[in-house]
Amino acid sequence: IMTAILKVDTIQDTSGNNIINESSNTITIGASGDTITVPSGATLDVASGATLDTTNATVTGITQGITLADQWHITANIDAGDSNTDTVITNWTQDAYTGYGRIGTMSESSGIFTFPSTGIYLCELALTFYYGVAASNYNYSRLQVTTNNSSYNTIAETTNFTRAAENYITTSPTSAIIDVTNTSNVKVRPVFHVRSSGTDVEGGSIVRSYFKFIRLGDT
């Protein structure tokens, strides 16, 4: 039995293009523009403790898992008045309480939220209403979506009310799964609709009314 050792730093194809190159303990396979194929039935084994770096690369066929989990809350109480109309909520801030963590970030302007990448997103809005003066019937938490960066449609809503005279609090959560096929055109905004005066939408330095986003996967 003979053992042979081939010592080279570079292997080239018949055209003189580098196929494999080793330099400073870094092995480069192929070059920019090349396609490296692992055939059907073959196994690419990345050992425990190894790092597979795909920075700036296009990787297909691999489930990335959750790439965004972000939450925002209303910064101060909103005096809803007697609007009896849809009102876009604009006073949002990203959560920053003790122990809070997030993956990625949404962006917000004038109450309109923009997604950082395409994908399937779970969006959950929860508004807390305080009936400070009188009962209020048919108060809505609504999610509105545009797919053309212009016209918005209500896609989900919940309704709450109180027949008590005053000093009652209710929370109205609503959610929807949104297919973001284009980050310039598909956007979402949170809306409240109050029928009676004397009702506030609760906010503050702690989370009382929130908007949560989780990217579930690719579109």
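The values are calculated or read from the model by the stated rules, or taken from the named source; none is laboratory data. Note that the coordinates shown come from a computational prediction; the quantities given were computed from them, not determined experimentally. Every residue, glycine as well, gets a Cβ built from its backbone with ideal geometry; the counts of neighbours run over all protein chains shown. To get the accessible areas, we keep the full protein, side chains included, count just its heavy atoms, and leave off ligands, DNA and RNA. Shrake-Rupley method; radii C 1.70, N 1.55, O 1.52, S 1.80 Å.
The table below gives the values:
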{"quantity": "Relative packing of peptides 171-183, 68-80, 120-132 - highest average C-beta neighbours within 10 Å first", "calculated": "120-132, 68-80, 171-183"}
{"quantity": "Spherically averaged projected area in nm², based on the convex hull that wraps the Cα atoms of region 58-150", "calculated": "9.0 nm²"}
{"quantity": "When region 12-117 is reduced to its Cα atoms, the Kirkwood hydrodynamic radius in Å", "calculated": "19.8 Å"}
{"quantity": "Mean Cβ count within 10 Å, highest first, over the residues of peptides 193-204, 149-160", "calculated": "193-204, 149-160"}
{"quantity": "Which label in [x] 130; [y] 203; [z] 115 gives the computed volume of the Cα convex hull per residue in Å³", "calculated": "[y]"}
{"quantity": "Accessible carbon and sulfur surface of the chain relative to its total accessible area, %, 1.4 Å", "calculated": "48 percent"}
{"quantity": "Residues of the chain: accessible area per residue with a 1.4 Å probe, Å²", "calculated": "62 Å²"}
{"quantity": "Gyration tensor (alpha-carbon) shape descriptor, region 120-195, a/c threshold 1.5", "calculated": "prolate"}
{"quantity": "Whole-number percent relative contact order across the chain, with pairs defined as alpha carbons under 8 Å at least 6 apart", "calculated": "27 percent"}
{"quantity": "Percentage relative contact order, region 113-219, counting C-alpha pairs under 8 Å, at least six apart", "calculated": "45 percent"}
